[in-house]
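Report on the structure given below.
The values are calculated or read from the model by the stated rules, or taken from the named source; none is laboratory data. Because the structure is a prediction, the values reported are computed rather than measured. Note that we place each Cβ from the backbone using ideal geometry, even for glycine, and neighbour counts take in every protein chain shown.
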Amino acid sequence: MKKYIQTLKKSRLFWGVDEEDMTSMLHCLQARLETYKKGEYVFRQGQNIDQITILVEGKLLVQRDDFWGNRSIVNVISVGEMFGEAYIAPDSGTILNDVIAEEDSAVIFFDVQRILTTCQSACRFHSIVIKNLFFAISEKNRKLVQKIGHMSKRSIRTKLISYLSDEAKRQNSSSFTIPFNRQQLADFLSVDRSAMSNELCKMRDEGMLTFERDKFHLL
């Protein structure tokens, strides 16, 4: 657990908590470390969640399969990101998606009630964590609205333009790397992979961009 303290300190949940206080905070919040091999499920659709989690190593995908096996990628979770906070309310119901390890990963679980309830030891940084949780949920909502913006575009090209433009702005560069391979990007945008690949090639031939695997450069 100690080797992940620096990663946790940089996460949204622990912004403002000093490194020397992290150990006591982890004990206060009953932190628990779990590891997952590539392809293993962290959570399954329909499961009840009563813990908040932070990815400290690896990469996770939040995805959903319909009855016929069509897959949609809802989100990608990178190191330092929190997930599960959308289901902490008593009436929030079961999780709507699967959370799967895209590569070997390590996840730290935190007891929700220990976060939301002030501890008996009057931990002086408890209020900071609660405030950070509120801001993190607000940030996740903003990202969801952003994805809806991509999805609302009518054509594959306009969906690609919307997504790639936002990534360029987010990374503050016309050259950037996306967290998806081709199939995952197609699943994220809910489009056919072959049609999307053809559209990318057309955009490249028209001088709009260049790309190699997950690396893009907008012209």
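Every residue in region 10-25 that is buried (at least 17 other Cβ atoms within 10 Å of the Cβ) and without any contact (Cβ under 8 Å) to a residue 60 or more places away in the chain, please.
The one that is buried (at least 17 other Cβ atoms within 10 Å of the Cβ) and without any contact (Cβ under 8 Å) to a residue 60 or more places away in the chain: MET22.
Take region 134-156 and flag every residue that is buried (at least 17 other Cβ atoms within 10 Å of the Cβ) and modelled with pLDDT of 80 or more.
Answer for region 134-156, where residues must be buried (at least 17 other Cβ atoms within 10 Å of the Cβ) and modelled with pLDDT of 80 or more: HIS150, ILE156.
Of the residues MET208, MET196, only one is surrounded by 15 or more Cβ atoms within 10 Å (Cβ to Cβ) and farther than 27 Å from GLY58 by Cβ; which?
So the residue among MET208, MET196 that is surrounded by 15 or more Cβ atoms within 10 Å (Cβ to Cβ) and farther than 27 Å from GLY58 by Cβ is MET208.
Here is a list of conditions, (1) over 20 Å from the mean Cα position of the chain (by Cα); (2) among the small types (Gly, Ala, Ser); (3) assigned by TED's automatic domain parsing to the domain that holds ASN48, and SER138 meets all of them except one; can you say which number that is?
The number of the failed condition is (1).
Which condition does LYS38 not pass, out of (1) modelled with pLDDT of 80 or more; (2) over 21 Å from the mean Cα position of the chain (by Cα); (3) exposed (fewer than 13 other Cβ atoms within 10 Å of the Cβ), if it passes all the others?
(2)
I'd like the full set of residues that are among the charged types (D, E, K, R), in contact with a helix residue (DSSP H, G or I) (Cβ under 6 Å, 6 or more places away or on another chain) and closer than 18 Å to LEU116 by Cα, limited to region 22-81.
Once the filter is applied, which keeps residues that are among the charged types (D, E, K, R), in contact with a helix residue (DSSP H, G or I) (Cβ under 6 Å, 6 or more places away or on another chain) and closer than 18 Å to LEU116 by Cα, region 22-81 yields only ASP50.
Please work out which one of (1) touching a residue at least 40 places away in the same chain (Cβ under 8 Å); (2) crowded, with 17+ Cβ neighbours inside 10 Å; (3) more than 30 Å from LEU29 (Cα to Cα); (4) touching a helix residue (DSSP H, G or I) at 6+ places or on another chain (Cβ under 9 Å) is the condition LYS159 fails and give its number.
(1)
Out of region 165-219, which residues are touching a Phe, Trp or Tyr at 6+ places or on another chain (Cβ under 7 Å) and assigned to a helix (DSSP H, G or I)?
GLU167, ALA168, PHE188, LEU189, LEU200, ARG204
Taking MET25 as meeting all but one of (1) closer than 19 Å to PHE125 by Cα; (2) of a type in the set (A, V, I, L, M); (3) touching a strand residue (DSSP E or B) at 6+ places or on another chain (Cβ under 7 Å), write down the number of the exception.
It fails just one condition, (3).
Evaluate the following for SER72: is it in the same structural domain as VAL112 (by TED's automatic domain parsing), small (Gly, Ala, Ser) and touching a Leu at 6+ places or on another chain (Cβ under 8 Å)?
Judged against the criteria, SER72 is not a match.
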